[in-house]
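The values are calculated or read from the model by the stated rules, or taken from the named source; none is laboratory data. Computed from a predicted model, the values in this text were never measured in an experiment. Ideal geometry is used to build each Cβ from the backbone, glycine not excepted, and the neighbour counts take in all protein chains shown.
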Amino acid sequence: MAVPLLDLKAQHATIRDSVVNAMTKVIDEQAFILGEPVERLEREVALLSHTTHAIGCANGTDAILLALRALDIGRGDEVLTTPFTFFATAGAVHNVGARPVFADIDPDTFNISTVALAAAIEPSTKAVIAVDLFGQMAPIEAIMDAAGSLPVVEDAAQSIGARRKIDEKWVMAGEAATVGTFSFFPSKNLGGYGDGGMVVTQSDEIATRIRRLRVHGGMKTYYHEEVGYNSRLDALQAAVLSAKLVNLASWSAARRKNAAYYNAAFADLDDVRTPTIDPANESIYNQYTLRVAHRDALQSHLKDKQIGSAVYYPLSLHLQPCFEYLSYKRGAFPESEKATQEVISIPVYPELKQPQLDEVIEAVRGFYGR
């Protein structure tokens, strides 16, 4: 039985009518740029994330870029972040003219180590980007304490709807940071039918700046206070996302259920480490990522069994060819580098059926002779 890493067709089959109706309404009205569908989604995401403002943009990468620009991060500045994340996190830092600086990860959660972060802060550090990897929030309260007066951007591209208990209160992804950013790439737990992104913040000033930056730096047509970007969220994508958002909580719960099933099934395998979720966190499991011995051989075995898998991520950012100018050497961030050799993500999407879960489990256990 073939089991893909992600089956968007299975999801679409359950929501087709509501999504098509929402898209048809936009098409019939012939109003595709910003407007009511985007404003509605912004209100919904602000409510979900417990933030005052949510501003739609073209994609999750632009969300980080807009956040950095709104914080006046630019040439000569340094931004501290993790080397174990998708390229866009550090790429956005470079593209505003700043310099990415890295701090190693916690080997259990894969999120940035607050100890390493605190040690890496220098006078030239002007901001911190905390990444919520694989669906669980980074320890945002400890990160903000370490950052002090520095602004903190929470790259929550993989964690919309995730939450963390801080001082006995649930805090949502994007809520506590200076700025939070989301991605609606189709593979995300809340994915569009194309690209899309969102920035959230409690700050009126930052929100106003981002709204201006996303439309070429001007709030009035043909008048520009600054040079901005063309980074608007399409009304069609907003309509799709609003139609899907009502299912997000149940989809995330199903992912947690699937993850728990895997955890129990792999508990006795010495060569397999299941994901470590910080007890303070409720993860949305954007990915279910194992740490394993003989990773590449396991991935080849799964492919032979028609089981989907992926490696997120095979090369730390500090070793990427485009960042050679940063002068980092192999060994600079050993936990990140070790993770790139051991991680593999397997199917966890909510539409998985019991026989499919068992097929994945049998394939993994079979590889390790169990």
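Computed quantities for the displayed model
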| quantity | calculated |
| --- | --- |
| Residue, nearest to Leu133 (Cα to Cα), within the stretch 75-98, restricted to residues that are in a loop (DSSP other than H, G, I, E, B) and of a type in the set (S, T, N, Q) | Thr85 |
| Number of the exception - Arg291 against (1) farther than 30 Å from Glu39 by Cα; (2) in a helix (DSSP H, G or I) | (2) |
| Scope the stretch 327-352; condition surrounded by fewer than 17 Cβ atoms within 10 Å (Cβ to Cβ) and aliphatic (A, V, I, L, M); matching residues | Ala332 |
| Selection status of Pro107, at pLDDT 95 or above and out of contact with any strand residue (DSSP E or B) (no Cβ under 8 Å at 6 or more places or on another chain) | yes |
| Residue tally, condition buried (at least 23 other Cβ atoms within 10 Å of the Cβ) and β-branched (Val, Ile, Thr), over the stretch 116-142 | 4 |
| Close pairs (9 angstrom Cβ cut-off, 6 or more residues apart or separate chains): within 21 Å of Ile277 (Cα to Cα) and touching a residue at least 60 places away in the same chain (Cβ under 8 Å) in the stretch 139-152, of a type in the set (D, E, K, R) and assigned to a loop (DSSP other than H, G, I, E, B) anywhere | Pro139/Asp106; Pro139/Asp278 |
| Options Pro275, Pro314; residue that is out of contact with any strand residue (DSSP E or B) (no Cβ under 7 Å at 6 or more places or on another chain) and either of a type in the set (D, E, K, R) or not assigned by TED's automatic domain parsing to the domain that holds Ala138 (or both) | Pro314 |
| Answer residue from the stretch 161-188, given it is crowded, with 24+ Cβ neighbours inside 10 Å and among the polar types (S, T, N, Q) and is nearest to Ile55 (Cα to Cα) among those | Thr181 |
| Scan of the stretch 272-283 for residues that are surrounded by fewer than 17 Cβ atoms within 10 Å (Cβ to Cβ), of a type outside the set (Val, Ile, Thr) and in contact (Cβ under 8 Å) with a residue 40 or more places away in the chain, ordered by number | Ala280 |
| Lone unmet requirement of (1) closer than 30 Å to Ile27 by Cα; (2) over 22 Å from the mean Cα position of the chain (by Cα); (3) at pLDDT 95 or above for Leu233 | (2) |
| Which listed residue is β-branched (Val, Ile, Thr), assigned by TED's automatic domain parsing to the domain that holds Arg212, buried (at least 19 other Cβ atoms within 10 Å of the Cβ) and out of contact with any strand residue (DSSP E or B) (no Cβ under 6 Å at 6 or more places or on another chain), from Thr85, Thr51, Thr61 | Thr61 |
| Only one of Asn263, Asn286 that is surrounded by fewer than 18 Cβ atoms within 10 Å (Cβ to Cβ) and either within 23 Å of the chain's Cα centre (by Cα) or outside any loop (DSSP other than H, G, I, E, B) (or both) | Asn263 |
| Of all residues making up the stretch 1-19, the number that are surrounded by fewer than 14 Cβ atoms within 10 Å (Cβ to Cβ) and assigned to a helix (DSSP H, G or I) | 5 |
| Close pairs from the stretch 6-34: first touching a residue at least 24 places away in the same chain (Cβ under 8 Å) and outside the structural domain of Ile346 (by TED's automatic domain parsing), partner assigned to a helix (DSSP H, G or I) and of a type outside the set (A, V, I, L, M, F, W, C), Cβ under 8 Å, at least 6 apart | Ile15/Lys244; Val19/His12; Val19/Lys244; Ala22/Pro37; Ala22/Ser242; Val26/Pro37 |
| All positions within the stretch 217-235 that are crowded, with 16+ Cβ neighbours inside 10 Å and farther than 22 Å from Ser49 by Cα | Gly217, Gly228, Tyr229 |
| Subset of the stretch 31-63 (residues that are modelled with pLDDT under 95 and outside any strand (DSSP E or B)) | Ala31, Phe32, Leu34, Gly35 |
| Residues located in the stretch 294-310, provided they are touching a helix residue (DSSP H, G or I) at 6+ places or on another chain (Cβ under 7 Å) and outside any helix (DSSP H, G or I) | Lys305, Ile307, Ser309 |
| Residue that is farthest from Gly308 (Cα to Cα) [pool: residues in the stretch 325-370 that are outside any helix (DSSP H, G or I) and hydrophobic (A, V, I, L, M, F, W, C)] | Ala332 |
| Test: residue in the stretch 99-115 that is aliphatic (A, V, I, L, M), over 18 Å from His318 (Cα atoms), free of Cβ contacts under 8 Å to residues at least 40 places away in the same chain and not in a loop (DSSP other than H, G, I, E, B) | yes |
| Residue tally, condition without any contact (Cβ under 8 Å) to a residue 60 or more places away in the chain and over 20 Å from Ala235 (Cα atoms), over the stretch 171-195 | 2 |
